[in-house]
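Notes for the one structure printed next.
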Amino acid sequence: MAKKKSISKADLISMYMDYVLEFNEDPKSVYKFSKDNNLEETYFYQCFSSFESIKTQIFSSFFENTMTLLNKSDDFKTFDARNKLLSFYFTFFEVLTANRSYVVHALKQKENKLEGLKSLKELRFHFKEFINHLEIEKLELKQERLEKIQDKAITETAWAQLLLTIKFWLDDTSSSFEKTDVFIEKSVNVSFDIMNIAPIKSVIDLGKFLFKEKMMN
C-alpha cells in the first residue's frame with residue numbers, strides 16, 4: 001500500500017489524539033506511529049519534531065480555534081476588556097469540553113504535574129499576548145521599568161487564573177460543567193474589580209492635593 005503523502009498537521013494531530021485516547025498512552029515511537037498510520041516517517045518530522053511538539057500544538061490549536069470563533073462576532077470587537085476576557089473564557093472552555101477526554105489525559109492523569117504543564121507552553125504565550133492586547137486600564141507610572149513590572153504582573157496573574165480555572169473545570173462534576181461557568185464569571189469579575197484603578201487614582205489625586213496644600217501653607 002502506498003504511503004500517504006498529502007496529509008496536514010491537523011490530520012497528524014487527530015491521529016495522535018485518537019491513538020492516545022484509544023490506548024491511554026503515547027505512541028511507542030515515531031517510527032511505529034508512522035507505520036501504523038501508513039505515513040513516511042520523514043513526513044512526520046517535516047511537521048513536528050517530536051510527540052512533545054504535537055502536545056503543545058494541540059493546546060495552541062484550542063486557543064486558535066477559540067479566537068477564530070470570537071473574531072467571527074462583530075459584538076466581540078466592541079466589548080470592553082472585562083467582557084472580552086469573559087467571552088474568551090466561555091468559548092475556550094466550550095472548545096476544551098469538546099475535547100475533554102484528551103485534556104483530562106494530558107493534564108489530570110499525569111503523576112508529574114510539571115509534565116502536563118509543558119503541554120501548555122504555547123498556550124501560555126498566546127494567552128499572555130491576548131491579555132496584553134485587551135487594553136486593560138493601568139496606572140500611569142511614568143517609569144518604563146515600573147510599567148514593565150506592572151504589565152508582567154497583570155499577565156502572570158491572568159495566566160495563573162486560567163490555570164486555576166482549568167483545574168476547577170477538570171474537577172467539576174456538575175451537569176454541563178455549570179459550576180465552571182459560575183466560577184468563570186465570579187473570578188473574572190473579581191479580578192477586574194481588584195484591578196479597578198479608579199479608586200487608586202482617587203487616592204493618588206487626594207495625596208497630591210494634600211501634599212500641595214501642605215507645601216503652600
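Cβ-Cβ contacts under 7 Å between residues 6 or more apart (or on different chains), taken from a first residue in segment 159-177 that is more than 15 Å from residue 97 (Cβ to Cβ) to a second residue that is surrounded by 12 or more Cβ atoms within 10 Å (Cβ to Cβ) and not aromatic (Phe, Trp, Tyr), are listed as 159/124; 159/128; 161/187; 161/191. Out of 44, 51, one residue alone is at pLDDT below 95, more than 23 Å from residue 181 (Cα to Cα) and open to solvent by less than 10 Å² (accessible area, probe 1.4 Å). It is 44. Beta carbons closer than 9 Å, at least 6 apart along the sequence or on distinct chains, pair a first residue in segment 41-52 that is over 11 Å from residue 13 (Cα atoms) and in contact (Cβ under 8 Å) with a residue 24 or more places away in the chain with a second that is outside any loop (DSSP other than H, G, I, E, B) and open to solvent by less than 30 Å² (accessible area, probe 1.4 Å) for 43/12; 43/34.
The number of residues in segment 54-80 that are open to solvent by less than 20 Å² (accessible area, probe 1.4 Å) and more than 16 Å from the chain's Cα centre (by Cα) comes to 2. Sub-9 Å Cβ pairs linking a first residue in segment 64-80 that is without any contact (Cβ under 8 Å) to a residue 24 or more places away in the chain to a second residue that is exposed (fewer than 10 other Cβ atoms within 10 Å of the Cβ) and in a loop (DSSP other than H, G, I, E, B), at least 6 apart or interchain, are 80/135, ordered by first then second residue.
Condition check ((1) over 19 Å from residue 98 (Cβ atoms); (2) among the hydrophobic types (A, V, I, L, M, F, W, C)) across all residues:
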| residue | (1), (2) |
| --- | --- |
| 8 | yes, no |
| 18 | no, no |
| 24 | yes, no |
| 29 | yes, no |
| 40 | yes, no |
| 45 | yes, no |
| 48 | yes, yes |
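The values are calculated or read from the model by the stated rules, or taken from the named source; none is laboratory data. Computed from a prediction, not measured in an experiment: that's the story for all the values here. Here Cβ is always computed from backbone atoms with ideal geometry, including for glycine, and neighbour counts include all displayed protein chains. Only protein heavy atoms, including side chains, enter the accessible area calculation; ligands, DNA and RNA are left aside. Shrake-Rupley method; radii C 1.70, N 1.55, O 1.52, S 1.80 Å.
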